[in-house]
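Visitor: One structure, pasted below without further comment.
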Amino acid sequence: MKKKLSKEHIIQGIFLLIASFSIFIIFFIFFFLFKEAIPAFIEVGGDIFSTDFSNELGLGGAIRGSLIVTGGALLIAYPLGIGGGIFLSEVASVWIRRILKPIIEVLAGIPSVVYGFIGAIILVPFLTDSFRMISGFSLLAGGLIIGVMTLPIIISISDDSLKSVPREIKEASLALGATPWQTIKKVTFPAASSGIFAGATLGVGKALGETMAVLMVVSAITRAPDSWFDIFESGPVLTSLIAGHWGEAYGLKVNVLFAAGVFLFIIVSVMSIISEIMQYRIEKKFKGG
Amino acid sequence: MRNVFGKIINTKMLYEYVSLQRLLFLLSLCLSCLYALAGFTIVATLNYIGEDIYGYLFLIFGICFLLTGISSIKINKKKSVRILIFSLILFLIVFVSTAYPSSVGLQDYGLSASLTYNMIFSIGLIIFGLIGALLSLGALFNFKPLGNQYGAYFLLVVCMLIILYPLVIIIGQVTINGAPGITWEFLTSDVRGLGESGGILPAIVGTLLLMFIMFVIAVPLGIGAAIYLEEYAGGHFMVRVIKMAVSILRGVPSIVFGLFALAFFVPIFGISFLTGGLVLSFYALPMIIRSSAEALKSIPQGLREGSLALGATKWQTIRRVVLPPSLPGIITGVVLGIGEAAGETAPLLFVSTLIIKMPPNLLGMVASLPTHLYTLFGMRGGLGDEVEVAARMQNAWSTALILLTIILILNVVALVIREKFRKEF
Amino acid sequence: MKKINTLRTLAVLAGVFALTAFMSGCIGSESEMVKLNGSSTVFPIAQRCAEKFDQEHDDITVEVGAPPIGSGGGITQLGEGNIHIGAASREIKQTEIDKFPNVDFTDNVIAFDGVAVIVSKDIYDAGVTGLTTAQLVDIYVGTVTNWMDVGGPDRQININEREEGSGTHDTFMAAIDIEETVANQAWPSNAEVKSAVSNSDNGIGYVGLGYVSNSTPALKLDGIAPSETTIKAGTYPISRSLHMYTDGAPKGAVKVFIDFVQSSAGQDIIADAGFIRL
C-alpha cells in the first residue's frame with residue numbers, strides 16, 4: 001500500500017513538471033528576448049520611441065504602424081464578427097449552423113502565408129486601382145487582410161459567449177412578449193457582452209502579432225508615413241520590421257529588433273492576462289448568481 | 001380541403017395584405033437590395049458602369065422612396081418622415097452628382113490616394129441600398145417590431161455573406177489557379193532551378209516531418225499538462241499560474257517564436273529541422289493543452305468517483321477510465337493544433353531553405369510548404385524571362401493549393417472525429 | 001469501449017521516432033552538408049550552382065537558405081558558426097569583423113555585378129530610357145515626385161528600394177551619395193523589387209544586373225547602359241563584386257563547392273544568370 005502511494009506521488013510529480021513546462025517556456029522566451037534587447041534599451045535610450053528607425057533606431061514608427069493596422073483590422077473584424085456570432089448563435093437554424101461553424105473554423109485554419117499571398121496578388125492591385133494609389137502595398141491593405149484573419153476569432157468568441165447566456169433569461173423575455181430580436185438586443189447581447197469583450201482582447205493580440213501577411217502586403221519599409229492618418233502609404237509595423245530586417249541587420253540594430261519583440265510580447269501578454277482575468281470573473285459570476 | 005386552405009390563406013386577409021401600397025414597399029425593398037448588390041459587384045470587380053448612370057440610378061431610387069414615404073404616412077407618421085428624409089437625401093445626391101469632378105484627390109489632406117467618382121458612388125449604392133432595405137422592410141411590416149426584427153436579421157445575413165466572401169475568394173482563386181499545375185510529377189519530384197520547374201516533394205516531406213516532430217514533442221507534453229490541470233491539481237494556486245502561462249503562450253506572436261528560436265535553439269541545434277520542429281512544438285503546445293483539458297473536463301465526475309470507490313488508484317483511474325473516452329476530443333485538439341502550427345511561416349523564417357533534394361537528416365535546413373510558398377512568392381518576379389516568371393507563379397499557386405488541401409484535410413479529420421465522439425455520448 | 005494503453009502507445013511512438021532519427025542519420029552520413037545563406041543577389045547564383053553541383057557530387061549536399069536572409073545576415077550566421085558559407089553582395093564591414101574576433105573571415109570573390117536602375121515597362125516605353133545621376137538622386141530624396149519632370153508621363157513615381165543594410169542598398173546609396181530616401185516600399189530581396197516594379201505602371205527600383213529583364217528594363221545612367229563591358233571598364237557608376245565568405249580558407253566540401261563556382265562550369269551558370277564572370 002505504501003509503495004503504491006509513493007508511485008502515485010511520483011506520477012503526480014511528473015505531471016506537475018510537464019504542466020509547469022509552459023511556465024518555463026514563457027520564462028525562457030522572455031529571458032532570451034530581454035537579454036538580447038537590453039543593449040538596445042541602454043544605448044538607444046529614449047530614442048527608442050522616435051519614429052526614425054534608420055538613423056536613431058527608434059521603434060515609434062513601427063509601434064504607430066502596428067496600432068494603425070490593428071485598429072483598422074478591428075474596425076472591420078468587430079462589427080462583422082459580432083454580427084456573424086449573433087447570426088450563428090441566435091438566428092441561424094440548426095442545420096445552417098452545422099454547416100457554417102466548420103466553415104468558419106476553416107477560415108481560421110488558413111495559414112497566414114496564404115492570406116498574404118492572396119493579399120499581395122489580388123487585394124493590392126485592386127486597392128491600387130480603386131483608390132488610385134501610387135502603390136497598393138500599404139497599411140490599408142495590411143489592415144484589411146488582418147481584419148479578415150481576425151474575423152474567425154471574434155465570431156467564435158461572440159458565438160460562445162452568446163450561447164453561454166442562460167436559457168431562462170431569454171425565455172423569460174420571450175414570455176413577456178418581446179420579439180426574438182428585441183430579446184437579442186435587450187437581453188442576450190448585454191448579458192454576453194462582457195464575455196465578448198474579454199475574448200475580443202485575444203483578437204487584439206492576434207491582430208498585433210500577425211507577421212507574414214503584413215510583411216507581404218505592407219513591405220518592409222522603415223520610413224513611417226508623415227501623417228498619422230495616411231493609411232494609403234506603406235509604413236513599418238513591429239512584426240514586419242522584425243521579419244523583414246532581421247536578415248540585413250547588424251550591430252545594435254539586431255538588439256533593437258529584439259526590443260521590438262519585447263514590446264510585442266509585453267503588449268500581447270497583457271492582453272492575454274486581461275482576457276484571462278475577465279473570463280475568470282465572468283465564470284465566477286455565472287456560477288455564483 | 002377548401003376549409004383548410006381557407007384557414008391558411010384567408011382570401012380577405014390576402015386582399016388586405018397584397019395591396020398596391022404593399023407592392024410599392026416590396027418594390028422599394030427589391031430595388032434597395034438590387035442596388036446594394038450592384039454596388040458591391042461594381043466595387044468588387046472594378047467594372048465601372050459609366051459615370052453618368054449614377055445620377056439616374058439615385059433619381060429612380062429617390063422617387064421610389066418618396067412614394068413609399070408618402071403612402072406610409074397613414075400607418076406611422078414618425079417613421080414615414082424618416083423615409084421622406086431619406087428620399088430627400090437621395091435627391092440631394094442626384095443634384096450633387098451632376099456637378100462632381102471625376103475624382104477627388106485626398107493628397108491635400110495628407111493621404112496619398114484619390115477617390116474616384118465611381119468608387120464614391122458605388123460605395124454610396126451599397127450604403128444607401130442597405131439603409132433603404134431596412135426602411136422598406138419596416139414599412140412592409142407596418143412599422144411593427146416584427147419589421148425591425150426582419151431588418152436586423154437581414155443585416156446579420158449580409159454580415160455573414162461578407163464574412164464568407166473572402167473565404168470563397170481565397171479557396172476559389174487558389175483552386176482555379178493552382179489546379180492546372182498539379183501533376184503527379186509536381187508532387188513527386190525535387191525542386192529545380194529557383195522553383196520554376198520540378199516539384200515540391202521536399203517541401204511536402206519537410207512539412208510531414210515537422211508535424212511528426214511536433215507530434216512526438218508537443219503531444220505528450222500537452223496531454224500531460226492537461227491531465228495535471230484537470231485531474232490532479234483541483235483549485236490549486238499552481239493551476240491558476242499554469243493556466244495563465246498557457247493563455248499567454250497562446251497569444252505570443254509567431255515572429256517572437258522565430259526570434260526565440262534564433263536566440264535559444266539555433267546556438268544549440270544550429271539551423272536545422274530540429275530547431276524548426278522544436279519551436280513549432282512550443283507554438284502548438286498551448287492549443288493542445290487547451291483542447292485536451294476541455295476534453296477531460298467533459299468526462300462526467302461520476303465515472304472517476306466510481307473507479308476510485310472500487311479501489312483504483314488515481315493514476316489507474318485516469319489511464320483506464322478518464323483517458324479512453326476523452327481520447328477523441330483530445331485527438332481533435334491535437335490535429336487542429338498541429339495543423340495550425342504546420343501552416344506557420346514566421347517561426348521558420350530564419351531557418352528555412354529552398355531545398356533541392358530530400359532533407360538529408362534532422363540537422364539539415366528546414367524545407368516546408370509555407371516557407372516554400374513564401375520563397376516562391378518572394379522570387380516570383382525574380383531571375384529569368386516572362387516564361388520562367390509565369391512558371392514560378394504557377395508553382396506558387398499550386399503550392400498554396402497543396403498547403404490549403406493539407407490544412408483542410410486536417411480540419412475535416414478533426415471534424416469527423418468530433419462528430420463521431422458526439423454521437424457516442 | 002476500446003481499451004487504449006496510453007503508456008504502450010507512447011512507447012511505440014518513441015520507438016518509431018528513434019527509428020526515424022536513426023534512419024535519417026543513415027541517409028545523412030552518406031553526404032556531407034554545406035549550408036549557405038546570405039545575399040539575395042547571390043541567391044540565384046548559389047541555388048543554380050548548388051543544383052548543378054548536386055548532380056555531379058553524390059557525397060556533398062549544398063543547402064541554400066531561402067528566403068535569403070541578406071548579406072549582413074549571412075555574415076552574422078557565418079560568424080556564429082551556423083552556416084559554412086556566407087554569401088554577400090558587399091565587402092565585409094570592420095564592425096562585423098570586430099564582432100567575431102575568433103572567426104577568420106575569408107573573402108572568395110565569385111562574380112562581378114552592377115546595380116541597375118529599373119523602371120516599369122510603361123515608363124520606359126513612354127520615353128524614360130535614361131537618367132542622370134542628379135535626376136536619380138532627386139527622385140530618391142523626393143525633390144522630384146512625378147515622371148513628367150524627368151521626361152515621362154504624368155504619373156507619380158512609385159519608389160522601391162531594398163531594405164537598409166542590404167548589400168545592394170548600401171552599394172546604391174554609396175554610389176549616388178545619399179543618406180536617406182523617401183521610398184514608397186522597401187523589399188527584403190532583389191526579386192521582390194523586380195516584382196513590385198514590373199507589376200506597377202509607375203515604378204522605379206534598383207536590382208542586381210541579373211534581374212534586369214524585358215518587363216523591367218534598365219535605365220542608362222549618365223548615358224551609360226549597365227553591361228559587362230561598361231562595368232568591367234568601370235564606366236558604369238554603380239558596380240561591385242559578389243562574395244562567398246568562409247571561416248578560414250575554404251577546405252573540404254566547402255572548398256569543392258567554391259572551386260566549382262569559380263570554375264568555368266560555375267562561371268557559365270553565373271553568366272547565364274545575367275551576372276558578370278570573373
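The values are calculated or read from the model by the stated rules, or taken from the named source; none is laboratory data. Here the structure is a predicted model, which means the values were calculated and not measured. We place every Cβ from the backbone using ideal geometry, glycine too, and count neighbours over all the protein chains shown. The protein model used for the area step is the full one, side chains on, heavy atoms only, and it has no ligands, DNA or RNA in it. Shrake-Rupley method; radii C 1.70, N 1.55, O 1.52, S 1.80 Å.
Visitor: Under the 0.36 nm per residue contour assumption, what length would be gained going from the current alpha-carbon distance of B:Ile49 and B:Ser19 to full extension? Please list the in-between numbers first.
Guide: On the way: separation 30, 0.36 × 30 = 10.80 nm, distance 3.49 nm.
Net length gain for the segment: 7.3 nm.
Visitor: Would you grab the residues whose amide H sits under 5 Å from the one on C:Leu242? Only those 5+ places off in sequence or on another chain, please, with H modelled 1.01 Å from N.
Guide: For C:Leu242, whose amide H was placed from the backbone, the distant partners under 5 Å are C:Ile110, C:Ala111, C:Phe112, C:Asp113.
Visitor: Moving to a separate point now. List the relative contact order of the range B:184-424 as a percent without decimals, with contacts defined as Cα pairs under 8 Å and 6+ residues apart.
Guide: 28
Visitor: Related question: Just to confirm, what accessible area per residue do you get for the range C:114-233 at 1.4 Å probe, in whole Å²?
Guide: Result: 33 Å² of accessible area for each residue.
Visitor: At a 10 angstrom cut-off on C-beta neighbours, averaged per residue, how do the peptides A:16-28, A:208-220 rank from highest to lowest?
Guide: Numbers: A:16-28: 18.2, A:208-220: 29.7.
Put in order of decreasing packing, that is A:208-220, A:16-28.
Visitor: By how many degrees, 0 to 90 and rounded to 10, does the Cα axis of helix B:386-424 deviate from the longest principal axis of chain B?
Guide: For helix B:386-424, the angle is close to 80 degrees.
Visitor: May I pose another question? For the range B:2-170, what mean projected area does the convex hull of the alpha carbons give, in nm²?
Guide: 13.4
Visitor: So for the range C:19-160: antiparallel DSSP bridges make up what percent, rounded to the nearest 5?
Guide: On the way: 1 of 9 bridges.
In the range C:19-160, DSSP labels about 10 percent of beta bridges as antiparallel.
Visitor: Top mean-square fluctuation among B:Thr45, B:Thr313, B:Thr405, Gaussian network model of chain B, C-alpha springs under 10 Å?
Guide: Of B:Thr45, B:Thr313, B:Thr405, the Gaussian network model singles out B:Thr45 as fluctuating most.
Visitor: Separate question: Given the pairs A:Lys35/C:Lys35; B:Lys79/B:Lys144; C:Lys52/C:Lys232, which span a C-alpha to C-alpha distance of over 22 angstrom in this model? Walk me through the intermediate numbers first.
Guide: On the way: A:Lys35/C:Lys35 28 Å; B:Lys79/B:Lys144 11 Å; C:Lys52/C:Lys232 27 Å.
Result: A:Lys35/C:Lys35; C:Lys52/C:Lys232 exceed 22 Å.
Visitor: Rounded to the nearest percent, how much of the accessible area of the protein assembly as shown (1.4 Å probe, protein heavy atoms only) is carbon and sulfur?
Guide: Reported share for carbon and sulfur atoms: 66 percent.
Visitor: Please give me the summed charge of the neighbours of C:Thr230: other residues whose Cβ is under 12 Å from its Cβ, Lys and Arg +1, Asp and Glu -1. Write down the numbers at each step before the final one.
Guide: Details: positive: C:Lys220, C:Lys232; negative: C:Asp222, C:Glu228.
Local charge sum for C:Thr230: 0.
Visitor: Any idea of the accessible area per residue across the range B:290-425, 1.4 Å probe, to the nearest Å²?
Guide: Numbers: 4850 Å² over 136 residues.
Accessible area per residue, the range B:290-425: 36 Å².
Visitor: Now for a separate question. What's the total accessible area buried between chains C and B, using a 1.4 Å probe, rounded to the nearest 100 Å²? List each step's numbers first, then the result.
Guide: Working: alone 13710 and 24170 Å², together 33890 Å².
Between C and B, the summed buried area is about 4000 Å².
Visitor: For B:Val104, list long-range residues whose amide hydrogen, built 1.01 Å from N in the peptide plane, is under 5 Å from its own amide hydrogen.
Guide: Here B:Leu115, B:Thr116, B:Tyr117 satisfy the definition.
Visitor: Okay, next question. How many Cβ atoms of partner chains, on average, are near each residue of C:37-46 if near means within 10 Å of its Cβ?
Guide: Working: counts 7, 1, 2, 5, 0, 0, 7, 6, 1, 1.
Rounded to a whole number, the mean comes out at 3.
Visitor: Please quote Rg/Rh for the range B:310-415 to two decimal places, taking the Kirkwood radius as Rh and restricting both calculations to Cα atoms.
Guide: Details: Rg = 20.6 Å, Rh = 16.9 Å.
So for the range B:310-415, dividing Rg by the Kirkwood Rh gives 1.22.
Visitor: Follow-up question, since we're still on this one. If one takes the accessible area of chain B alone plus chain A alone and subtracts that of the pair, with a 1.4 Å probe, what total in Å², rounded to the nearest 100, results? Intermediate results must be reported in sequence, preceding the final value.
Guide: Numbers: alone 24170 and 16670 Å², together 32750 Å².
About 8100 Å² of accessible surface is lost on pairing.
Visitor: Tell me, what is the percent relative contact order of the range A:61-287, built from C-alpha pairs under 8 Å that lie six or more residues apart?
Guide: Working: 316 pairs, mean separation 67.3, N = 227.
Contact order relative to length: 30 percent.
Visitor: Specify the residue with the greatest mean-square fluctuation among C:Thr132, C:Thr95, C:Thr145, computed from a Gaussian network of chain C linking alpha-carbon atoms under 10 Å apart.
Guide: Fluctuation is largest for C:Thr95.
Visitor: Shape call for the protein assembly as shown from the C-alpha gyration tensor, a ≥ b ≥ c root eigenvalues: rounded (a/c under 1.5), prolate (a/b greater than b/c) or oblate? Numbers along the way, then the final one.
Guide: Details: a/c = 2.11, a/b = 1.17, b/c = 1.80.
Oblate shape, in that a/c is at least 1.5 and b/c is the bigger or equal ratio.
Visitor: Let me make sure I get this right: for chain A, a, b and c are the square roots of the gyration tensor eigenvalues over alpha carbons, sorted descending. Under 1.5 in a/c it's rounded, otherwise prolate if a/b > b/c, else oblate. Which is it? Provide the component values of the computation, followed by the final result.
Guide: Numbers: a/c = 2.24, a/b = 1.23, b/c = 1.83.
Cα axes put chain A in the oblate bin.
Visitor: Using Stokes-Einstein with the Kirkwood hydrodynamic radius over Cα pairs, what translational diffusion coefficient do you get for the range C:114-233 at 25 °C and a viscosity of 0.890 mPa s, in µm²/s rounded to a whole number?
Guide: Numbers: Rh = 13.9 Å.
Translational diffusion coefficient: 176 µm²/s.
Visitor: Note down the nm distance, to one decimal, between modelled labels 7 Å out along Cα→Cβ at A:Phe27 and at B:Arg240.
Guide: With each label placed 7 Å out from Cα toward Cβ, I get 1.9 nm.
Visitor: Inside 10 Å of the C-beta atoms of B:168-180, what's the mean count of C-beta atoms belonging to other chains? Can you show the working numbers first?
Guide: Working: counts 1, 4, 10, 6, 0, 4, 4, 0, 0, 2, 0, 0, 0.
Per-residue shielding by partner chains comes out at 2.
Visitor: Using square roots of five times the C-alpha gyration tensor eigenvalues, list the equivalent-ellipsoid semi-axes of the range A:26-101 in whole Å, biggest first. Present the calculation step by step, with values, prior to reporting the outcome.
Guide: On the way: eigenvalues 381, 64, 10 Å².
Square roots of five times the eigenvalues give 44, 18, 7 Å.
Visitor: Residues with beta-carbon under 12 Å from that of B:Tyr228, excluding B:Tyr228: net charge, scoring Lys, Arg +1 and Asp, Glu -1?
Guide: On the way: positive: B:Lys243, B:Lys314; negative: B:Glu230, B:Glu231.
Net charge in that neighbourhood comes out at 0.
Visitor: Using only DSSP helix segments of four residues or longer, with each worth -39500 (n - 2.57), what per-residue ellipticity at 222 nm results for chain A after dividing by its residue count and rounding to 500? Each step should come with its number before you reach the end.
Guide: On the way: 13 runs with 216 residues, N = 289.
Helices in chain A give a 222 nm mean residue ellipticity of -25000 deg cm²/dmol.
Visitor: Per residue, how much accessible area does the range B:116-192 show when a 1.4 Å probe rolls over the protein heavy atoms, in square angstrom? The partial results should precede the final answer.
Guide: Values: 3270 Å² over 77 residues.
I get 42 Å² per residue for the range B:116-192.
Visitor: Then there is this: Taking chain B as a Gaussian network, where each spring joins two C-alpha atoms under 10 Å apart, which residue of B:Leu285, B:Leu164, B:Leu210 fluctuates the most?
Guide: Highest fluctuation of the listed residues: B:Leu164.
Visitor: Turning to a different aspect of this structure: List the residues, sorted by chain then number, that are 5 or more residues from C:Lys220 or on another chain and whose placed amide H is less than 5 Å from its amide H.
Guide: C:Gly130, C:Leu131
Visitor: Antiparallel DSSP bridges in chain C: what percent, to the nearest 5? Can you show the working numbers first?
Guide: On the way: 22 of 37 bridges.
Percentage antiparallel, nearest 5: 60.
Visitor: What does the convex hull of the Cα atoms come to per residue for chain B, in Å³?
Guide: Values: hull volume 121.8 nm³, N = 425.
With only Cα atoms used, chain B gives 287 Å³ per residue.
Visitor: I would also like to ask the following. Less than 19 Å apart at the alpha-carbon level, and either on another chain or at least 8 residues along: which aspartates and glutamates does that give for A:Lys101?
Guide: In chain and number order, the partners are A:Glu90, A:Asp159, A:Asp160, B:Glu294, B:Glu340, B:Glu419.
Visitor: For peptide B:384-395, how many partner chain Cβ atoms fall within 10 Å of a residue's Cβ, on average?
Guide: Mean inter-chain Cβ contacts per residue within 10 Å come to 2.
Visitor: Related question: Compare each residue of the range A:241-275 in its chain alone against the assembly with all protein chains, and report those whose accessible area goes down by 50 Å² or more; 1.4 Å probe, heavy atoms.
Guide: A:Trp246, A:Gly247, A:Glu248, A:Tyr250
Visitor: Moving on to the next point. Grab every C-alpha pair in chain C, bin the distances at 10 angstrom width from 0 up to the longest one, and report whole percents.
Guide: Using 10 Å bins, I get a P(r) of 7, 26, 28, 18, 11, 6, 3, 1, 0 for chain C.
Visitor: Give, ordered by residue number, each residue of the range C:67-112 whose 1.4 Å probe accessible area is reduced by a minimum of 40 Å² on adding the remaining protein chains to the chain alone.
Guide: Relative to the lone chain, where solvent access is computed with a 1.4 Å probe, the range C:67-112 loses at least 40 Å² at C:Pro67, C:Ile69, C:Gln77, C:Asn82.
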